[in-house]
Every structure is written in C-alpha cells, then in structure tokens.
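Q: Have a look at the structure that comes next, please.
Every number here is computed from the coordinates shown, using simple stated rules; none is lab data. Small disclaimer: the values here were computed from a predicted structure and weren't measured. All Cβ positions, glycine included, derive from the backbone under ideal geometry; neighbour counts span all protein chains shown.
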Amino acid sequence: MIINNIHIDSAAVDSEALIVTVVGYAVVFAALILLFVAFFSMPKILNLKFKRKGKSQIAMEASPVVEMSGEVNAAISMALHLYFNQYHDEESSAMTIKRESRLYSPWSSKIYQVRNQFNRI
Amino acid sequence: MKRFATIFAIIAILATLHSLVNQAGANNPNADTVTVAQNSQQNTDSGDEEVSASVFQGLKKFWMYSGFKNAKIGHIIMIIVGLIFIFLAIKYDYEPLLLVPIGTGILIGNIPFVTLEIGKTMGLFAPDATSGLKLGLYEQGSVLNYLYYGVSQGIYPPLIFLGIGAMTDFSALISNPKLLLLGAAAQLGIFATFMGALLLGFLPSEAGAIGIIGGADGPTAIFISSKLAPHLIGPIAIAAYSYMALVPVIQPPIMRLLTTRKQRLIRMRPSRAVSKTEKILFPIIGLLLTTFIAPSALPLLGMLFFGNILKESTVTNRLAETARTSLIDIVTILLGVTVGASTQADVFLTSQSILIFVLGAISFMVATAGGLLFAHFMNLFLRKENKINPLIGAAGVSAVPDSARVAQMMGLKEDPSNHLLMHAMAPNVAGVIGSAVAAGILLSFLL
C-alpha cells in the first residue's frame, strides 16, 4: 500500500536543488581541504620556528631528531607501565616462614597475659 | 511488592463481593429487613443501588482512563519496536548507551492514555477544556514536554558535541591530514539523500533534514530536523540512531563489494607522533576555519572544538572531565528517552516515516560507498609506500567510533596483524566535522 503511494516527482529536483547539492558538497570539501592544507603545513611551520630558535643557540646538541611512530611510543609506554605498576607480579611464588628466635617478646611475655590478674590473687 | 499485590487483590475482591452482595440484597431482602418499616427499606435499597451504581461508574471511569481501553494496534507495534531496541542493545551490544534510553523512551511514549480530544468525545473532560492529563510528550505542560524542549529547540545536540570534543583525540587526523578528505567524501550520502527525498515528494526543508541521516550523526540529525522539519524529528532521529547502531551490519557487505582482497591487505605507514602544540592548535584553527565557512554550524562545531580545547589545553582537566563524563551522560539520557518518547504511534506510524527509514538506509550505503571510492581515487595519486587502505574510507561516515571499528574488524579478517583502527579514526572524526559543516550549509540554504 505504501509502495503504491510512492510517487517519484522528477520536477522536484530543480536547478535550485542541484545548486544546493553541488555547492553544499563543494563547500564541505573546501572546508576540509583548508584544514588539510593548514595541518599539512603545520609541522613545517613549527619546525621552521624551532630551527630559527636553534640557530640562535650556539651550543646545540648535534643529536638528530628521531621521529618515533605511535606504535613505538605505545610499546615504550606499555613497558614503563608494566615496570612501574605490575613488576610485583613477577615475585617468586614460593612461600617460606622466617624463623624468629627472640629471647623476649611481649607476645610471649607472662606479664601481659590476660589472666594475669587472677594469677595475682 | 508481593504484599502490595496481595493487599490490592484482596481490596478488589472485597469491593466486587460488596457490590454483588448489595445486588443480591436488593433482589432478595432477608428476614431482618422485613421488620424494618417499608419507607426506610425503600430508602436503604435506593441508597445501596446508588452506591453500587457509583462503584460501577467509578470502575467504568477507571477503565476509560486505563491503557487497555485506549490501546490501538499502533501502540502495540511501537511497544514491540521499543522492546526490539532494548533487546538489540542488551543481546548484541549495538550502541547500548543509545538504544536502551531510546527503546525505553519508545515504551514510555506509547503507553496509551486519554488525550484531550479523546477525553472530550468520551465526556471525560469538559467540552471547553484546554488541557488534558498533561501526560504525553506533545501535551503542553507535561514533564516529558519540558524535557523534550531540549530536543525541539536543538539544545541537547551542541551539549553532546561538547562532550564528544572533550573525549576525541584528533592525533590520528593531525598526523595524517590527507585523511580529512575521506571524511568530506563520505558526506556524499547527505546530498544524495537530499536529492532522493526531493524526488519522493518531500519539501526541500524536509529533504534537507532527512538527508542529514547520511551524516551518520544523531545529534546533528536532531539539530537540523529541529530547525528544518520539527514534525519529522522522531522518525529522523530514530532512523539516524538505528542505522548508527546497525553500522556493523550495513557497512561490511558494501566494503567487500567495493574493494579487492589485495586492497584490503594494504598496510599503512604508522602515524607520526603529534606534538602538544599541534594538538592545541587543531581545535583553534579548526573552529575558526570551519565556522567562517559555515557559520550556521556554529552551535555544533563551536561546542565540538571548545570541548577539544578543554581537553588538549591540559589546564582545564576538571571541565574536560565533566564534559566527557557527567554532562554527556546526563544529556544522552535526556536526549535518548525524549527522542524515544517522541515516537507516539499516532505521530510516528505514517507512510512518511517508512520512506524516511528507506532513505536513511540508502544514505548510509551511499555515504559508505563515497568514502571507499574516494580512497581508491586518492590512491591513484599516492606513492606505493603512502597508499591508503580503502577500508578506512568507510569510516568517513561519522558514526564514531563504530565505523572505525568496522574498518579495523574488516582489516583484521584479511590480515590479523594489520591494525587499521587508529588510521580509521582520522576519517571518522573528520566525518563528524564534515557532517556538521554540511548541516550548516543545508541550514543556510533551506532555513
């Protein structure tokens, strides 16, 4: 019944609709292309700024800037995380009892016994 | 609860028995009543009759107000739809944070009750009454109506965008900005659906609101339909959110159809590390560039980039934390339940809604295809080591992060060591920006 009610009206797609479609799609592209251009050139601009700074500093270290990928960073972060948080998991699972041989301890002292008062009587 | 039910049942039985006894008493007066004077007996009988009549009237009135009396087939259908939403969310984990509130909202919105018009015809309300029980979402003064104000006036979507901005990491996009173009290409779905809706006889403003479903962005769809076609908010929002939840079902066949195995195996270069300065500059430059081009998208893009500035500046952690947790959760609850409740059967179950659902499905498919084909097109100009895996083109539809997850899943199926998720996140978040820009353009043309 619904299918019978569907009427395709090609006249509805007039020049105005076509303009909205074409211009709209073009503007979406334009906006994102502008962002692309801005961020494509961003590292170069930032590097340029840092290079100028570097030139002014006489004693600059000669070590090359190593660009690390996100995966390498993730692996290093994971290793650090494990080291700082989970290293205790690698403890030995063997349980031992450490013998304590003391001549005196309040735990074994007769003067701290609960029933001491009765003994006094 | 058991006790409450028992007590309620006992009271009901007692009331029924009382009325039955009264009726029996009226028909067969016993020996005691014979001794009473005839005049007083008549008075007692007529009093009992009045009581039983009033009890009957009360029960009848209660029945008239009950959902059972006012239920229509449309209500039952919509309640089943709501239950399906809840089932899909719980059983298959399809966007549960959206489908559970929306599904429950559908149940709430489709509980039958006496509306003002029905009440007048049934004699429950005075003929000159101007307000009914103030229960329904579309009834002025009801609680649901107040909550729905945030949807109808487009208040919730920018708040959602604020939260999205505060939780989105644009690093993948900044490190490989050419993937922004995939987010633009996938907006083909919006404009193709706009044309399709026009062909099917929708008004230009309605067609624009329907077209935005192809942006695969629920808040944007709600925002635009609240401005261009407020009467279609329910079907458009439900279609947008349903298809967003069904991205793992809709996209893979199209992805397989438009790519070869060799293309799906393409390994992309790992992204470079992004500096903090770049991360802070992105929302600022993005905000200025995009809103200067499409100022109509200011509420959405402004809040999106504002949220991201809160996050990336690292000096407003408390605000960013609130925006990406408590605030977005509260708004999602209100948005979900009111959008669901807006699908009252009498408003929602129309042939227009069915057409919107069909157009929505087509728009998702076209958007996916647009992203995939543009990735192929870009690969024509890229060197071998910089080639893009076309699967990530499908993530250009802005169903964050589901479409990126689908690209990852499809990539892993072909090569279990080829992780595409981070690459796919770039066109995915670009799609959010692209759909908001497209929405702004449609607003400025059609409002």
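Q: Need one number: nm distance between label points at A:SER105 and B:LYS262, each 7 Å from Cα along Cα→Cβ, rounded to one decimal.
A: 7.7 nm
Q: Set Lys and Arg Cβ to +1 and Asp and Glu Cβ to -1, take the dipole of the stretch B:148-271 about its Cα centre, and tell me which of B:MET195, B:ALA216, B:GLN251 lies farthest positive.
A: Going by the charge dipole, the pick is B:GLN251.
Q: Still on this model: Calculate, for B:ALA126 and B:ASP346, the FRET efficiency according to 1/(1 + (r/R0)^6) with r their C-beta to C-beta distance and R0 25 Å; round to the nearest 0.05. Write down the numbers at each step before the final one.
A: On the way: r = 23 Å, r/R0 = 0.91.
Taking R0 as 25 Å, the efficiency between B:ALA126 and B:ASP346 is 0.65.
Q: Then there is this: Using the structure shown, list the pairs from B:LYS134/B:LYS311; B:LYS227/B:LYS279; B:LYS279/B:LYS384 with a Cα-Cα distance above 30 Å, or answer none.
A: Listed pairs above 30 Å: B:LYS134/B:LYS311; B:LYS227/B:LYS279.
Q: In Å and from the alpha-carbon atoms only, list the Rg and Dmax of the stretch B:107-252.
A: 19.7, 69
Q: Additional query: In the stretch B:146-446, with Lys and Arg counted as +1 and Asp and Glu as -1 at Cβ, which of these residues, B:MET303, B:SER175, B:LEU380, has the Cα nearest the positive end of the dipole, that is, farthest along it?
A: Working it through, the farthest residue towards the positive pole turns out to be B:LEU380.
Q: Would you kindly give the portion of the calculated P(r) for the stretch B:146-446 that falls above 29 Å, as a percent of all Cα pairs? Numbers along the way, then the final one.
A: Numbers: 14253 of 45150 pairs.
The proportion of pairs with Cα distances above 29 Å equals 32 percent.
Q: Could you calculate the contour length gain from B:LEU59 to B:ARG318, that is, 0.36 nm times the residue separation minus the distance between their Cα atoms, to one decimal place in nm?
A: 87.6 nm
Q: Related question: Where in the stretch B:195-216 does the amide nitrogen come within less than 18 Å of the point 7 Å from the Cα of A:VAL23, taken along Cα to Cβ?
A: B:195, B:204-209
Q: With a cap of 14 neighbouring Cβ atoms within 10 Å, and only residues DSSP puts in a loop, list the trypsin sites (Lys or Arg not before Pro) found in the stretch B:284-384. If you can, show how the numbers build up before the last one.
A: Details: sites: B:LYS311, B:ARG318, B:ARG324, B:ARG383, B:LYS384; in loops: B:ARG383.
Within the stretch B:284-384, the qualifying trypsin sites (Lys or Arg not before Pro) (loop, at most 14 other Cβ atoms within 10 Å) are B:ARG383.
Q: While we're on this one: Roughly speaking, what is the stretch gain from B:LEU373 to B:LYS134, that is 0.36 nm per residue apart minus the C-alpha to C-alpha distance, in nm to one decimal? Can you show the working numbers first?
A: Details: separation 239, 0.36 × 239 = 86.04 nm, distance 5.13 nm.
The B:LEU373-B:LYS134 span can extend by a further 80.9 nm.
Q: Shifting gears a bit: Along each of the three principal axes of the Cα atoms of the stretch B:276-427, give the extent in whole Å, ordering the values from largest to smallest.
A: 57, 46, 35
Q: A follow-up question, please. When the helix-only estimate is applied to chain B (DSSP H runs of n ≥ 4, each -39,500 (n - 2.57), divided by the residue count), what is the mean residue ellipticity at 222 nm, nearest 500 deg cm²/dmol? Could the numbers behind the result be given before it?
A: Details: 25 runs with 319 residues, N = 447.
Per the formula, -22500 deg cm²/dmol.
Q: To continue, here is another question. Could you derive backbone 3J(HN,Hα) for the stretch B:358-367 from the dihedral phi with the Karplus parameters 6.51, -1.76 and 1.60 (θ = phi - 60°), listing whole Hz in sequence and x where the residue is Gly or Pro?
A: Couplings: 5, 4, x, 4, 4, 5, 5, 5, 5, 4 Hz.
Q: Oh, and also: Nearest 10 degrees is fine. How inclined is helix B:247-257 to the longest principal axis of chain B, computing both from alpha carbons?
A: For helix B:247-257, the angle is close to 40 degrees.
Q: Let a ≥ b ≥ c be the square roots of the eigenvalues of the Cα gyration tensor of the stretch B:77-177; is it rounded (a/c under 1.5), or, if not, prolate (a/b larger than b/c) or oblate? Kindly include the intermediate steps, with their values, before the conclusion.
A: On the way: a/c = 5.28, a/b = 1.98, b/c = 2.66.
Oblate, because a/c is 1.5 or more while a/b does not exceed b/c.
Q: Then there is this: Run the dipole for the stretch B:146-446 about the Cα centre, Lys and Arg Cβ at +1, Asp and Glu Cβ at -1, nothing else charged, and hand back the magnitude in debye, nearest 20. Mind dumping the intermediate values first?
A: Numbers: 19 positive and 12 negative charges, 233 e Å.
Charge dipole of the stretch B:146-446: 1120 debye, to the nearest 20.
Q: Around A:SER69, which amide H atoms from residues at least 5 apart in sequence, or from another chain, sit under 5 Å from its own amide H, with H modelled in the peptide plane?
A: none
Q: If you don't mind, another one. Positive end of the charge dipole of chain B (Lys, Arg +1 and Asp, Glu -1 on Cβ, about the Cα centre): tell me which of B:ALA399, B:PRO230, B:PRO157 has its Cα farthest that way.
A: Highest projection toward the positive end goes to B:ALA399.
Q: May I pose another question? Relative to the longest principal axis of chain B, what angle (0 to 90°, nearest 10) does the C-alpha long axis of helix B:96-109 take?
A: That helix lies at roughly 30 degrees to the long axis.
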